[in-house]
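J.: Pasting a structure below so you can have a look.
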Amino acid sequence: MHKDDCIFCKIALGKVPAHKIYEDDDVIAFLDISQTTKGHTLVIPKEHFDNYLATPQEVMHKVMDVAQHIGQAQIYVLGAKGVNILTNVNKEAGQSVMHFHVHVIPRYISKEGFRIEMKENPNIKDLSLPALAEQIKKGL
Ligand code: 5GP
Ligand code: ZN
């Protein structure tokens, strides 16, 4: 299924141009327009799913397989020293295009482009980690 107002559906259908790197029946990969670092690539399912969590497992696996190959190519061909592979789910997490996509971002120099910083929660002492672990476990 595709959504008429979705920019990534349009790219998947060839209605909007993109610099394609890979394409098969289910998955397409193309350069991100922002090029946060040189070679920044997006991998998407051709079918529309809103985000990673809403994507059927079989499709998600295909997307992640392609992301792995692209990360390897960024190291071997572009000479990247590292790669960030990430996906945002919903706007609170920074998702701006509501069609599942995986960012594959080659890294050449530490701290160039962007940085993900895992800060320690200042209220950590108020959290019960055993209770929290149990709570999440119950949702599996
Ligand atoms: P998000 O913020 O949803 O995780 O990432 C969306 C990404 O899509 C951004 O990095 C943005 O640069 C990229 N993007 C948005 N519109 C287009 C477009 O029309 N073409 C391409 N190639 N990338 C796009
Ligand atoms: Zn879409």
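The values are calculated or read from the model by the stated rules, or taken from the named source; none is laboratory data. On a predicted model such as this, the values are computed, not experimentally measured, just so you know. When we count neighbours, we look across all protein chains shown, and the Cβ atoms used for this are built from the backbone with ideal geometry, even at glycine.
J.: Looking at region 58-113, which of its residues are at positive phi and surrounded by 14 or more Cβ atoms within 10 Å (Cβ to Cβ)? Step through it out loud before you land on a result.
T.: As a first pass, look at region 58-113 and keep what is at positive phi: 79, 90, 94, 111, 113.
GLY113, the sole residue that qualifies.
J.: Check off (1) out of contact with any Phe, Trp or Tyr (no Cβ under 9 Å at 6 or more places or on another chain); (2) assigned to a helix (DSSP H, G or I) for ILE70 and give me the number that stays unchecked.
T.: (1)
J.: With the requirement that a residue be part of a helix (DSSP H, G or I) and within 16 Å of ligand 2 (Cβ to nearest atom), what does region 38-61 give you? Before the answer, list the steps.
T.: Pass one, region 38-61, residues part of a helix (DSSP H, G or I): 52-54, 57-61.
The answer is TYR52, LEU53, ALA54, VAL59, MET60.
J.: Would you point out the residue of region 114-127, among those that are modelled with pLDDT under 90 and of a type in the set (A, V, I, L, M, F, W, C), that is surrounded by the fewest Cβ atoms within 10 Å (Cβ to Cβ)?
T.: Initial filter on region 114-127 (modelled with pLDDT under 90): 114-117.
Then keep just the ones that are of a type in the set (A, V, I, L, M, F, W, C); that gives 114, 116.
Numbers: PHE114: 12, ILE116: 6.
Looking at residues that are modelled with pLDDT under 90 and of a type in the set (A, V, I, L, M, F, W, C), I get ILE116.
J.: If you don't mind, there's one more thing I want to ask. For ASP25, state whether it is more than 29 Å from LYS111 (Cβ to Cβ), away from ligand 2 (no atom under 16 Å from the Cβ) and in contact (Cβ under 8 Å) with a residue 12 or more places away in the chain. Give the steps one after another, and end with the answer.
T.: On the way: more than 29 Å from LYS111 (Cβ to Cβ): yes; away from ligand 2 (no atom under 16 Å from the Cβ): yes; in contact (Cβ under 8 Å) with a residue 12 or more places away in the chain: yes.
For ASP25, the condition - more than 29 Å from LYS111 (Cβ to Cβ), away from ligand 2 (no atom under 16 Å from the Cβ) and in contact (Cβ under 8 Å) with a residue 12 or more places away in the chain - is met.
J.: Still on this structure, please answer the following. Among GLN57, GLN35, which is the only one that is free of Cβ contacts under 8 Å to residues at least 12 places away in the same chain and either of a type in the set (A, V, I, L, M) or closer than 23 Å to ILE75 by Cβ (or both)? Steps first, answer last, please.
T.: Values: GLN57 fails: either of a type in the set (A, V, I, L, M) or closer than 23 Å to ILE75 by Cβ (or both).
Selected residue: GLN35, the only one of GLN57, GLN35 that is free of Cβ contacts under 8 Å to residues at least 12 places away in the same chain and either of a type in the set (A, V, I, L, M) or closer than 23 Å to ILE75 by Cβ (or both).
J.: Another one. Is it true that GLN35 is more than 13 Å from the chain's Cα centre (by Cα), at positive phi, away from ligand 2 (no atom under 14 Å from the Cβ) and surrounded by fewer than 18 Cβ atoms within 10 Å (Cβ to Cβ)? It would help to see each step written out before you state the result.
T.: Numbers: more than 13 Å from the chain's Cα centre (by Cα): yes; at positive phi: yes; away from ligand 2 (no atom under 14 Å from the Cβ): yes; surrounded by fewer than 18 Cβ atoms within 10 Å (Cβ to Cβ): yes.
For GLN35, the condition - more than 13 Å from the chain's Cα centre (by Cα), at positive phi, away from ligand 2 (no atom under 14 Å from the Cβ) and surrounded by fewer than 18 Cβ atoms within 10 Å (Cβ to Cβ) - is met.
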